[in-house]
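Student: Take this structure, written in structure tokens, and hold onto it; I'll ask about it next.
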Amino acid sequence: MLALRGPRLADGRTVDLLLSAERIEAVGTPGSLTPPAGAREADLSGYLLLPAPAEPHAHHDTALTGSGGGPPATTPAALRRRITEAALIQLGHGATAQRSHVRIGGAESLAALEAALETARALRGLAELSVVAVPRLLTGLAGAENRALLTEAAKMGAGVLGGSPDLDPDPAGYLDVVLGIADEHGCAIDLHTDGGDPARLARLASAAGACRSGVAIGPCGGLSLLAPEAAARVAGRLAAAGITVVCLPAGPCGLA
């Protein structure tokens, strides 16, 4: 057992805590808890104690490739190594829950997704890595293969389905495909969108409102470009539909 003495919580309280087997057993006022004999103690006076942070939007399969001097390696071993290293770096900063968007389709087909799912299993007990299957086109003849791959991704264990409806010739059709497969397989949804078009966001809210699974959108850099009144209206519609917005600080990403 471990006793933490005197940290301050986010609500301003100063407390003592008893931890056992990775669980918080007791929280009390300073000096009120008596740990069993042999328990370790840590003096956290002056420290702020917070829950572990989460990383809600990452791309582990393409992380750490900016200075490679050429196209990144896409062998299964290279993908697993890159995804694992990126996840462990974020874990080192405290992020015990991470969501990684992984591209499917093209020459790699499902290789990156398979590597990410293997990494998620290997990291169990250290970090919870949620994997989002991200196809490109989904509608028409051009999207037929990716529709099949997205279904296969759900069967493989991708708990979240995503992609960028705005980049498909038929954004509404793209959304219908993702919603349909997600509902069929019990997957959550996490879509890429710039978020700068209130009409598009309103359509998304209307379509996703009936979805049985959780729906998130991001990076939504375009929301910062809307007038405050327009942004407030959009936020209200998204909230009413139960849609989570993951805003990233990097700015517009050219997704619209």
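Student: Nearest 10 degrees is fine. How inclined is helix 198-208 to the longest principal axis of the chain, computing both from alpha carbons?
Tutor: The angle comes out near 80 degrees.
Student: For the chain, what does the helix formula give at 222 nm: sum of -39500 (n - 2.57) over DSSP H segments with n ≥ 4, over the residue count, nearest 500 deg cm²/dmol?
Tutor: Mean residue ellipticity at 222 nm (helix-derived): -10000 deg cm²/dmol.
Student: Which percent, nearest 5, of DSSP beta bridges in the stretch 1-81 are antiparallel?
Tutor: Of those bridges, close to 65 percent are antiparallel.
Student: What angle, in degrees between 0 and 90 and rounded to the nearest 10, separates the Cα long axis of helix 111-122 from the longest principal axis of the Cα atoms of the chain?
Tutor: 20 degrees
Student: Kindly express, to the nearest 10 degrees and within the range 0 to 90, the angle between helix 144-156's C-alpha long axis and the longest C-alpha principal axis of the chain.
Tutor: Its long axis makes an angle of about 20 degrees.
Student: Further, regarding this structure: Return the Rg/Rh value of the chain, two decimal places, where both radii are evaluated on C-alpha atoms and Rh is the Kirkwood radius.
Tutor: Checking Rg against Rh, the ratio lands at 1.05.
Student: For the chain, give the share of DSSP beta bridges that are antiparallel, in percent and rounded to the nearest 5; count only bridges with both residues there. Write out the running numbers ahead of the final one.
Tutor: Working: 11 of 40 bridges.
Expressed as a percentage, antiparallel bridges in the chain total about 30.
Student: Need the C-alpha centroid separation for the stretch 92-153 versus the stretch 1-44, integer Å.
Tutor: 39 Å
Student: At a threshold of 8 angstrom on Cα-Cα distance, excluding pairs fewer than six apart, so keeping six or more, what relative contact order does the stretch 54-245 reach in percent?
Tutor: 15 percent.
Student: Provide the FRET efficiency to the nearest 0.05 for the VAL246-ASP170 pair, computing r from the beta carbons and using R0 = 30 Å. Please list the in-between numbers first.
Tutor: Working: r = 24 Å, r/R0 = 0.81.
It comes out at approximately 0.80.
Student: Could you check what % of the DSSP bridge pairs in the stretch 2-43 are antiparallel, to the nearest 5?
Tutor: So the antiparallel bridges amount to about 70 percent of the total.
Student: Ranking ASP197, ASP183, ASP43 by Cβ neighbours within 10 Å, fewest first, what do you get?
Tutor: ASP43, ASP183, ASP197
Student: Given the Cα-Cα distance of ARG23 and MET1 and 0.36 nm per residue of separation, how much length would full extension add, in nm?
Tutor: Value of the extension gain: 6.9 nm.
Student: Along the Cα→Cβ direction, 7 angstrom out, place labels at ALA144 and ALA235. What is the inter-label distance in nm?
Tutor: 4.6 nm
Student: A follow-up question, please. Under a 10 Å cutoff between Cα atoms, tell me which one of PRO30, PRO219, PRO76 has the largest fluctuation in the Gaussian network model of the chain.
Tutor: The residue with the greatest mean-square fluctuation here is PRO30.
Every number in this text was worked out from the coordinates using simple rules, so none of it is lab data. Because the structure is predicted, anything quoted here is derived from the model rather than measured. Using ideal geometry, Cβ is built from the backbone for each residue, glycine included, and neighbour counts are taken over all protein chains shown.
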